[in-house]
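Notes to accompany the following structure.
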Amino acid sequence: MLVIEGLTKRYPTGDLALDGVSLTVPKGQVMALIGPSGAGKSTLIRCVNRLVEPTAGAVRLGATEITRLGDRALRRARRRMGMIFQEYALVERLTVMENVLSGRLGYVGFWRSWFRRFPLADIEEAFRLLARVGLDHMVDKRADALSGGQRQRVGIVRALMQDPELLLVDEPTASLDPKTSRQIMRLIIELAKERNLAAIINIHDVALAQLFAERIVGLHAGRIVFDGPAAALTPEVLTTIYGEEDWSATIRKVEDGDGDGDEPPSVEAARIAAAD
Amino acid sequence: MPVVTHEQGTRVWMRRTRAGDLVAWLGWLIGVALTVLCFQFISDRTIWGFVWDAPAQAADLLERSVPPRWSYAHELWRAMWDTLNIATLGTVLAIATAVPVAFLAAYNTTPSALLVRPVALFVIVASRSVNSLIWALILVIIFGPGMLAGILAIALRSIGFIGKLLYEAIEEIDPTQVEAVTATGAGRAQVLAWGIVPQVMPAFAGISVFRWDINIREATVLGLVGAGGIGMQLQASINTLAWPQVSMILILILGTVVVSEWLSARVRHAII
Amino acid sequence: MDARAAALAWRPPPLIEAAWLRWAVYGGALLYLVLALGTLEVNWQRAAEGIERGGRFLAAFFPPDFASHWREIEEGLLESLTMTVTSTVFGVILSVPVALGAARNLAPLPVYLFCRAVIAISRTFQEVIIAILFVAMFGFGPLAGMITLAFATIGFMAKLLAEDIEDIERSQAEAVRATGASWFQLLAWGIQPQVLPRFIGLSAYRFDINFRESAVLGLVGAGGIGDTLNNALDRYEFGTAAAVLLIIIAIVLACEYASGFIRRAVQ
Ligand SMILES: Nc1ncnc2c1ncn2[C@@H]1O[C@H](COP(=O)(O)OP(=O)(O)OP(=O)(O)O)[C@@H](O)[C@H]1O
Ligand SMILES: [Mg+2]
């Protein structure tokens, strides 16, 4: 379980990217984080594994308080959090297999990793996962020779190789076509569910978020302005998150039946409803 | 580009404004005056009689150095081999030193931007400012004449060259790839080996081969100050005015440089 | 596919793909190292003595002696600087026609070959070797040094400039040609604007190189600060040598800073 309390980040430039964000993501929950550009979504994700040092607040993963850890312990904690990037962030001049094995770097010593002497079990797991995402015939291809969708699948496998408890996913589909986007999202959700992982997924595509995530959190200017189930996402809510716009074409037609009528729940109500 | 309105009201398009024009002309004027002044200085230290005689001298020189003394080549192979070794071993030594220096100098890999980085940058600058021939001059006094001084001279000059280009390459890498490796929980050394080294590898290889190519040229003259290689034979031949030998040496150097340039172009092509 | 079998069969990717080439490269490198180190002639005893001399040399840097031979230093410095200025100016001016001649998209074949030959000769030989020949022709003094550096500048600038001209945007040059412009108008409107910033940058960079080189030409009698340095070292006046070296480093730094500034300003 991931607990974030009062997380605040002010960059040296003076931008207040996060302003007292509190969140709890239980094991096995897939949470989508939406919000306009510059809302602080990437900053939030990066503060969790401290690629960005938070200014104030606490992050706890299970019993570990990540914001308190020293260098060594932080590296050990990072092994428990797999990260998936928008532009894939594969090491381009390494092969698919090397990229996947780099997920194990936190577990093996420097010289073993330098000579690529990974434990057999790791390599086996790598083959199994690559087969799972349909890339087992490409293990020795260099990462820069792959298509975007293939790269992202390698990125997913790399994150899973860490055997994480939590997935941090920053706009996994932003550089992909609509069909591949759905496939990638489906893959992430499936794998997260299989392994009972908690996941935070930053995403710009609201429809996609509604389709795949059980819980949606809206961020605006560094504050949480919405927290609720996908079904509670109404044009009014989107307006509080993103600003005035015609949202009718954006929101997925929610399978009717609740008979809620025209009255959409207020942001505050949605928040209460979603609180576990 | 400004449009200027005259008093009569006609609008004229010009490249620069008046003030800009004036500055440009002044700049040119100063440049020309400086050049003339400098040339005057040199001219005062020149015996023009010799200069007017230069075409005759050149013709004479050419006549005396043709045909080259082909048989002399037998005595040169060893010197040429030494020259190649000076260049190659010097480059290898320089690479071994420059790589750590470059990592200490790049702001994204230096252990301390306040303490270590300035030292590394100073090493690079000091090495670069001094020509390898001057390094050789000093090293010959310290270590005596011979190849050791030559190898070290090449190495000392090349550390700065390789170090500078390499640390610039390190600073230009894609940070997200490094971030991704960091996010897996890798240690500092592993982040370096997995996130940074693969990215700078092509640049590193290209720079090394490039410098090796330059070093072969440099190594041909180190012998003039006694630091080994074919320059020693060149010096000896010039001192005894043995121009056919000089032309033979020049032909050999030409051949070597052409081959090394071809080789380094091939290697660079293969890497990129 | 069975993951275990695949894992057992997997090998880390080698640096060089083809096995024979890999072994040839490794074997060749090893053989070369053995041969090169085997034929290395080093008088280790003499070298060991050098440590002490080196110590004395370093000691002489504190304090460097600017005063005793200031007149000589001043003269050498002025020679180096004037040589640098004039050779850069003349070299850059002369490199333009050579570069135009060496650009295949502008010059007819015979001109092209001639200009390329000039470039090749100038780039093949180290400046010092060329200086030896020019000293033999023009006599001792900074004039020989100036001509040497100008010649080297021509090779350097013309090669890079010709390459630039060869891969300029065709369409822009064609647009100018389409207006019915003459060859010279084509140069002025179609080509010059595209290559000018880099040309200025390269000239600044070459100025920098010329100063560094001017510091060694004195060794073969072509004038400049190298002469002063050589004399000081011959007389074991390490303090003066240290002073000269410090001055050279300071000027190189200033040049580099200035040329970096110019390059950034024009790009
Ligand atoms: N390295 C940085 N230095 C200074 N300010 C930064 C830095 N990174 C982000 N910011 C600022 O922090 C705020 C939040 O940025 P962040 O990248 O978290 O937004 P985001 O929600 O991920 O946006 P996007 O959807 O465009 O990715 C922005 O105002 C941004 O300008
Ligand atoms: Mg972002």
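The values are calculated or read from the model by the stated rules, or taken from the named source; none is laboratory data. This structure is a prediction, so every number in the text was calculated from the model and none was measured. Note that each Cβ is placed from the backbone with ideal geometry, even for glycine, and that neighbours are counted across all protein chains shown. In case anyone asks, the SASA skips ligands and DNA or RNA and just uses the protein heavy atoms, side chains included. Shrake-Rupley method; radii C 1.70, N 1.55, O 1.52, S 1.80 Å.
Of note:
- Within region A:185-212, being modelled with pLDDT under 90 and more than 16 Å from ligand 1 (Cβ to nearest atom) holds for A:207, A:210, A:211, A:212.
- The residues of region A:16-52 that are open to solvent by 10 Å² or more (accessible area, probe 1.4 Å), within 14 Å of chain B (Cβ to nearest Cβ) and away from ligand 2 (no atom under 13 Å from the Cβ) amount to a single one, A:50.
- Single residue of B:18, B:69 found to be exposed (fewer than 13 other Cβ atoms within 10 Å of the Cβ) and of a type in the set (Lys, Arg): B:18
- Taking the listed residues A:144, A:177, the one that is within 14 Å of chain B (Cβ to nearest Cβ), more than 16 Å from ligand 2 (Cβ to nearest atom) and surrounded by fewer than 18 Cβ atoms within 10 Å (Cβ to Cβ) is A:144, with no other qualifying.
- First in region C:104-128 and aromatic (Phe, Trp, Tyr), second anywhere and crowded, with 16+ Cβ neighbours inside 10 Å and not in a helix (DSSP H, G or I), Cβ under 7 Å, 6 or more apart: C:112/C:102
- Test for residue C:56: is it open to solvent by 50 Å² or more (accessible area, probe 1.4 Å), closer than 30 Å to residue C:237 by Cα and of a type in the set (Lys, Arg): yes
- Restricting attention to region B:36-65, the residues being over 30 Å from the mean Cα position of the chain (by Cα), within 21 Å of residue C:218 (Cβ to Cβ) and not in a helix (DSSP H, G or I) number 1.
- Pairing residues of region A:37-50 that are of a type in the set (Ser, Thr, Tyr) with residues that are open to solvent by 10 Å² or more (accessible area, probe 1.4 Å) and more than 8 Å from ligand 2 (Cβ to nearest atom), at Cβ distances under 7 Å and at least 6 apart in sequence or on separate chains, gives A:43/A:9; A:43/A:17; A:43/A:52.
For every residue, the table says whether it meets (1) among the hydrophobic types (A, V, I, L, M, F, W, C); (2) in the same structural domain as residue B:216 (by TED's automatic domain parsing); (3) outside any helix (DSSP H, G or I); (4) farther than 24 Å from residue C:44 by Cβ.
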| site | (1), (2), (3), (4) |
| --- | --- |
| B:81 | yes, yes, no, no |
| B:89 | yes, yes, no, no |
| B:104 | yes, yes, no, yes |
| B:121 | yes, yes, no, yes |
| B:125 | yes, yes, no, yes |
| B:136 | yes, yes, no, no |
| B:157 | no, yes, no, no |
| B:165 | yes, yes, no, yes |
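- The residues in region C:184-220 that are open to solvent by 10 Å² or more (accessible area, probe 1.4 Å) and within 11 Å of chain B (Cβ to nearest Cβ) can be counted, and the count is 5.
- Count - residues of region B:171-218 that are at the interface with chain A (Cβ under 9 Å from one of its Cβ atoms), assigned to a loop (DSSP other than H, G, I, E, B) and not small (Gly, Ala, Ser): 2
- Residues in region A:57-92 that are open to solvent by 50 Å² or more (accessible area, probe 1.4 Å) and within 16 Å of ligand 1 (Cβ to nearest atom) were compared, and the one that is nearest to residue A:23 (Cα to Cα) is A:86.
- Applying the criterion of at least 3 residues that are at pLDDT 90 or above and closer than 18 Å to residue A:203 by Cα to the helices (runs of 4 or more DSSP H) found wholly in region A:1-120 leaves A:41-48.
- Residues in region C:54-110 that are away from chain B (no Cβ under 14 Å) and among the hydroxyl-bearing types (Ser, Thr, Tyr): 2 in all.
- Condition check for residue B:131: in the same structural domain as residue B:198 (by TED's automatic domain parsing), free of Cβ contacts under 8 Å to residues at least 60 places away in the same chain and surrounded by 19 or more Cβ atoms within 10 Å (Cβ to Cβ): yes
- Whichever residue in region B:131-150 is of a type outside the set (Phe, Trp, Tyr) and touching a Ser or Thr at 6+ places or on another chain (Cβ under 9 Å) and, among such residues, is nearest to residue C:51 (Cα to Cα): B:150
- Residues within region C:68-84 that are touching a residue at least 40 places away in the same chain (Cβ under 8 Å) and surrounded by fewer than 24 Cβ atoms within 10 Å (Cβ to Cβ), tallied: 7
- Test: residue A:224 is within 27 Å of residue B:176 (Cα to Cα), within 16 Å of ligand 1 (Cβ to nearest atom), of a type in the set (A, V, I, L, M, F, W, C) and open to solvent by 10 Å² or more (accessible area, probe 1.4 Å): yes
- Inspection of region C:135-153 identifies no residue that is more than 29 Å from residue B:41 (Cβ to Cβ) and out of contact with any strand residue (DSSP E or B) (no Cβ under 7 Å at 6 or more places or on another chain).
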